[in-house]
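Q: Before I ask anything, let me first share the structure, which is written out below as structure tokens.
All of the numbers you see were taken from the coordinates with simple rules; none came from a lab. Please read all numbers here as calculations on a predicted model, not as lab measurements. Every residue, glycine among them, receives a Cβ derived from its backbone with ideal geometry; neighbour counts consider all protein chains shown.
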Amino acid sequence: MGSIADQFNTAFRDFVTDGVPASGANEPKKSEIRPIGALIETELNEILEGMIAGVIWKEAVRVATTGAGTLASSFENGDAVDGVVLATGDRILIKNQASAAENGIYVVNASGAPTRADDANSGAELERAAVLVLTGSTNANTQWYCTATSITIGSTAVTWVNISNSNSALGTLQDAVESQYRAAFYRPICQETDRLLVPTFILQPPSGSAVTYTPPSSLAFGEFEWSDLAADGAWRLWINPTDQSMHAEVINASAPSGGNENLKRLATSYKGLVQEFDAPVARTLPNEYPFGKSRNDDSTKIANSVVAVDVTDAGLLALGFTRGWENAVNNKPLIHGDMLTPRRDGWLFVRVYVQSTVAGDFGTPYVFARNKAGTVVVAAPMLKEKSYNSDGSASYILWLELTGFECASLRVGPNATATGDIIICGLQFAWAQQKDIYVRRSDYPLPDEELGSRLRGLEQLAAPDAQANILYPDVMWAIDEWPVVLYPDTLTGRDNVGGDQIFTVATSKGAGRRPYVRQAAMMTEIEIDPARCGSTLQLRSVSLSKPAIQATKAVTLESAPLSALSGKSPTILMLGDSLFESSGTVPRLYEALVANGATPTFLGTIDGKDAYVGGITVRPCEGRGGKDLSHYTNADNTVMLVPASTAAYLALSSDDREGYNPFIRTAVGGETSGAPAYVRNGHVFDFQMYLDRFTYADPDFVFINSCANDIAFAKVGLPTSDAAANFIDGMLVLAKRIRADAPSAKIVFSLQATAFAGGVIHKWAEYVAVIQAAMDQLVTIADANTFILPVWAHQSRYLRWGTQSTISAATGSTPEIVRVTDDVHYRETGTDQAVETFLRFMANHV
């Protein structure tokens, strides 16, 4: 396609055959007019790109050299270059001469040396020149850019680089860097709202060994300004704050004097073209740290004996920070942050702000990445991003690769004692599978009580769409007179914070098949009236994300009247962790049974109490705080002791008895050879021995509570699957051994929910792994009187839970504001909901 004028002349020629009147008058054809628009657009784009980038496009050349030749005789009419036979008048790009001063754009003569083209015969015309090559075996349709500056024709080396794969001067710069200066960018460029943040990079000049570019002392990563001159031979990338143009330059071998005369500009590009830059562009992700910019308290999220103090540095105050953490003992305060979901492998981006009373002394901030057991697996120093207020404060960043372990949390702070007082604040972090990620400096979420949809967005960014798995056993137990309440956000296999799924319960009843349908979104509840339901419920979860994912589960509804409890005298053993020992479940279940006409007997040697609310008589159980199923089977024999004698054991206080396991004894020869599946570290869980030791009758119900401590089983950074394996091992041993010694007992494994508590919401994903494993194992056990009790599905995650810190006390009509710092131990209404779930089960099985 020729020039625009040529195309117009063709389309609007006077005659059908141009210049031949006898061919008849020409009627312009649309097919010949339409290409003109595309040609105009192409020409304008090329002009615009050249204007933006500072590139000066020259008229195209027919061919370009692929090797050196003799200027006086190698480029005459009839000579071949890159497979093309030259003709007089051809424009040629000569770029490979042994003496680079001979390179340039020429016109071929009939004989002898070619003549420099009129548009490229001076140094000024060659600077920033670019040209398209039309033909050639190697160079056809390639574009070349002149990187030389301050050119004197005949003496300055004129170097050309291929920019064919780039559409802007930023691409030109990268090609120039890679071919001439051999630089390697190892951090992404990050784009804030109105400026670009440019990283350090490795540089090898044309002559000299490779060096890492070290920016001025006040910056390791950030906005480069004119005043930040670097050393000789170093690269500069800077942002013009007026027009937001980005400039890339290299300082001459001679020292700068009197300003910037010695800076060679390689390329210039305006904001918006950064995506064309060959250095990776960071993908912006939301900040996963949920506690805002100036968090006030919450002692579980800090370390090294820190206290909350006011920020005083003018630089940080100007950025909006008001509170931070200080450790007056050793000036090494740490901020703790939980991952939204524990992440195995991938990359973390972390930022933190530090104030120091001694300018520039920030104690070398580090990131300490920790596994689920709290063990530091990786510790890495952070880079100074930017200094504020004459280096009285600074922000630090780090891209940290996670390899071979599951990161559940991190701590950030100085790793060395600073000379001055240190205050640290403003934690930000995000995770992704790929390394080029970034959190904007302004991204600080609302306090955790108000996170809602924000954390839902984080969940969706950080992980692929989860299956809408329905997390419920095959049977739902109800009491005729009471509605059954389900909480959809504990019925799926992911932490649907804010919710992107709809949950439906549907059934029909009677000969007329009267329908009964209830529907709710995440973070709400579904109330089911047993009197209106048939014997089968259809539970359905539908995701709102694309593509939509849905799952359906049929659940049998078994319902009994409340009066079924009246007059019954069940014997009950409750074995498990602190939820039985201290959260009030045991004494409040006793009260509920008595209130409904039952006379229960609770077995056990540990006091089951309500440590949070109080005001209730303790009842016996076998709940032990911090213990998981492996402690009861002796699979983990590092914590609990075997009682030396029954009398000595009973002489201990209830608290002291928690350190002993009264269910195990030393395995004998026949057991070790005939039943090794039940022997753990030379001991056997012997339920009959336990009953005989304390003269207990066979229980009607054995409730076994676990989950939270089994998750903590991954003590050395093991994946969640190991916690699930630990749980089902204990579940199998207990179910088989109790069944052998109590043939008619109802053996019930109860698993609870976890609180919605901001920084620890990721635990639900870990609970899901254990719950799903338990339901799968129940099928393997194949015992009609062994059950999974889904306490998790009937507990709100947003009511009052264990230890809480008060943010502001109630005053008049203003409510008390608290922050959950214990996501495991339910209290008050949470306990009542758990007890009601136990009661519904018992009403159907007494």
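Q: Determine the dipole magnitude for segment 299-445: charges of +1 sit on the beta-carbon of Lys and Arg, -1 on that of Asp and Glu, nothing else is charged, the reference point is the Cα centre, and the result goes in debye to the nearest 20.
A: 340 debye
Q: Now for a different question. What is the magnitude of the charge dipole of segment 56-162 about its Cα centre, with +1 placed on the Cβ of each Lys and Arg, -1 on the Cβ of each Asp and Glu, and no other charges, expressed in debye to the nearest 20?
A: The calculated dipole for segment 56-162 is roughly 160 debye.
Q: By per-residue mean of other Cβ atoms within 10 Å, what is the highest-first order of 95-105, 600-610, 23-33?
A: Packing order, densest peptide first, comes out as 600-610, 95-105, 23-33.
Q: Search the structure for amide H atoms under 5 Å from the amide H of K332, placed 1.01 Å from N in the peptide plane, and list their residues when 5 or more places away or on another chain.
A: N327
Q: Under a crude label model (7 Å from the Cα following the beta-carbon direction), how far is A22 from A373 in nanometres?
A: The answer from the label model is 10.0 nm.
Q: For the pair S99/A644, report the inter-label distance in nm, with labels modelled 7 Å from Cα in the Cβ direction.
A: Roughly 10.2 nm, to one decimal.
Q: Amide H of I56 versus every other amide H placed in the peptide plane: which residues, excluding those fewer than 5 positions away on the same chain, fall under 5 Å?
A: It is A129, A130, by chain and number.
Q: Shifting gears a bit: Which whole-Hz ³J(HN,Hα) couplings does segment 838-846 yield from phi under the Karplus relation 6.51 cos²θ - 1.76 cosθ + 1.60, θ = phi - 60°, glycine and proline marked x?
A: Each residue of segment 838-846 in turn: 4, 5, 4, 5, 5, 4, 8, 9, 6 Hz.
Q: Starting with the highest mean, order 139-151, 331-343 by the number of other Cβ atoms within 10 Å, averaged over the residues of each peptide.
A: Output ranking for 139-151, 331-343: 331-343, 139-151.
Q: Compute the distribution of all C-alpha to C-alpha distances in segment 570-655, in bins of 10 Å from 0, and list the percent of pairs in each, rounded to whole numbers.
A: P(r) for segment 570-655, in whole percents per bin: 17, 44, 30, 8, 0.
Q: Find the eigenvalues of the gyration tensor of the Cα atoms of segment 310-365, then list the square roots of 5 times those eigenvalues as equivalent ellipsoid semi-axes, largest first, in whole angstrom.
A: 25, 14, 12
Q: HN-Hα J couplings of segment 57-67 from phi, Karplus 6.51/-1.76/1.60, θ = phi - 60°, integer Hz, Gly and Pro as x?
A: 7, 9, 4, 4, 9, 6, 8, 10, 6, 10, x
Q: Sort the following peptides by mean Cβ neighbour count (other Cβ atoms within 10 Å, averaged over residues), highest first: 513-521, 686-694, 354-362, 553-561.
A: Listed from highest to lowest mean packing, they are 354-362, 686-694, 553-561, 513-521.
Q: Residue by residue through segment 531-541, which ³J(HN,Hα) values in whole Hz follow from phi under the Karplus form 6.51 cos²θ - 1.76 cosθ + 1.60 (θ = phi - 60°), with glycine and proline marked x?
A: After applying 6.51 cos²θ - 1.76 cosθ + 1.60, I find 5, 9, 9, x, 7, 10, 10, 9, 9, 9, 10 Hz.
Q: A follow-up question, please. Taking H as built 1.01 Å from N, whose amide H comes closer than 5 Å to the amide H of F602, not counting residues under 5 places away?
A: Amide H neighbours of F602: I572.
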